[in-house]
Amino acid sequence: MNEITALTESTYYILLVLHTPRHGYGIMQEVEHLSAGRVRLAAGTLYGALTSLCDKGWIVPLPSVEDSRRKEYRLTEIGLSVLQNELSRLRQLVENGISILGEE
Amino acid sequence: MERKTIRKWFWVWEFEKEEAWLNAMAQSGWVLDGVGFCKYHFIPCEPGEYTVRLEMRDHDEGYLAFMRETGAEYVGRMAKWIFFRKKAAEGPFDIFSDIDSRIAHLNQIGKMLTAVGVANLAIGLGNSLNAPVASLGSINLLVGSLLTYALGRIHGKKEKLERDRMLME
């Protein structure tokens, strides 16, 4: 997919928290924390998303530490630019919403 | 330890009902501790101590390790269905948290039903044209038809989710 339309909420948050390298469970915890408990990524959903995001090259697994079976991931350059595009799309959504509905 | 076994049959499209039943068992103080063909083994627990989840997935050690990391315990496997439990005190437990991954799961079930269904229909057709084993062929045809029906039920669930997905995540 070259023309990115919109990221899902799960994808957006996964990419965002991988700005700092994290393992799977760390991603779940940080997303829940950032969204004040609203977004809870379930394990099956996250596992599938990590696989797809690696395939796309938006994130990469870090070389694993010898004694750890927990794989860590981080955002790639491509992932970062996808995230930046999404941020400007979201900014526009918010601006348009505010201009019509007003700041409640 | 006290253990009890219940024999029960669920059709493939009833996996949500199956999961609800397993959670009702956990609510009543019996948590799933093992599975066999149409068999569910339970051990006593505090009522509501556990949440039980199931899904269809090909064997994947990495996935099981990932689930363990999140505090879920792998209970067992029946054909391609895997069963987990997690202590309620360790937080909510779901396997899927968005529509896309639920659709992907239904696709996975659909793929399995298609593969087994097509094989049965092919064998059934082949055998029913062959007089000595014609009756065997009708069994395959029956199984094949049932699987086709199951595929329809799974597809119906998927279409409902896909309609939602047009509007929301």
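The values are calculated or read from the model by the stated rules, or taken from the named source; none is laboratory data. This is a predicted model, so every value here is computed, not measured. Heads up, the Cβs are rebuilt from the backbone with ideal geometry, glycines too, and the neighbour counts pull from every protein chain shown.
Summary of values
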{"quantity": "Enumeration of residues in the stretch B:20-44 that are of a type in the set (A, V, I, L, M), in a strand (DSSP E or B) and under 18 Å from the mean Cα position of the chain (by Cα)", "calculated": "B:VAL31, B:LEU32, B:VAL35"}
{"quantity": "Output for the stretch A:36-54, where each listed residue is over 17 Å from A:LYS71 (Cα atoms) and more than 12 Å from chain B (Cβ to nearest Cβ)", "calculated": "A:ALA36"}
{"quantity": "Residues (over 16 Å from the mean Cα position of the chain (by Cα), closer than 23 Å to B:LYS39 by Cβ and more than 10 Å from chain A (Cβ to nearest Cβ)) located in the stretch B:65-89", "calculated": "B:GLU73"}
{"quantity": "Odd one out for B:GLU46 among (1) at pLDDT 95 or above; (2) surrounded by 15 or more Cβ atoms within 10 Å (Cβ to Cβ)", "calculated": "(2)"}
{"quantity": "Residues of the stretch A:18-41 that turn out to be assigned to a helix (DSSP H, G or I) and in contact with a Leu (Cβ under 7 Å, 6 or more places away or on another chain), as a count", "calculated": "4"}
{"quantity": "Test: residue in the stretch A:84-97 that is surrounded by 11 or more Cβ atoms within 10 Å (Cβ to Cβ) and assigned to a loop (DSSP other than H, G, I, E, B)", "calculated": "no"}
{"quantity": "All positions within the stretch B:50-79 that are surrounded by 14 or more Cβ atoms within 10 Å (Cβ to Cβ) and not in a strand (DSSP E or B)", "calculated": "B:ARG57, B:TYR63, B:LEU64, B:ALA65, B:PHE66, B:MET67, B:ARG68, B:GLU69, B:THR70, B:GLY71, B:ALA72"}
{"quantity": "Residue within the stretch B:92-109 that is at pLDDT below 95 and loosely packed, with under 15 Cβ neighbours inside 10 Å present", "calculated": "yes"}
{"quantity": "Test for B:TYR40: is it among the hydroxyl-bearing types (Ser, Thr, Tyr) and either in contact with a His (Cβ under 6 Å, 6 or more places away or on another chain) or closer than 17 Å to A:ALA42 by Cβ (or both)", "calculated": "no"}
{"quantity": "Filter result for A:ARG38 (touching a helix residue (DSSP H, G or I) at 6+ places or on another chain (Cβ under 9 Å), without any contact (Cβ under 8 Å) to a residue 40 or more places away in the chain and exposed (fewer than 13 other Cβ atoms within 10 Å of the Cβ))", "calculated": "yes"}
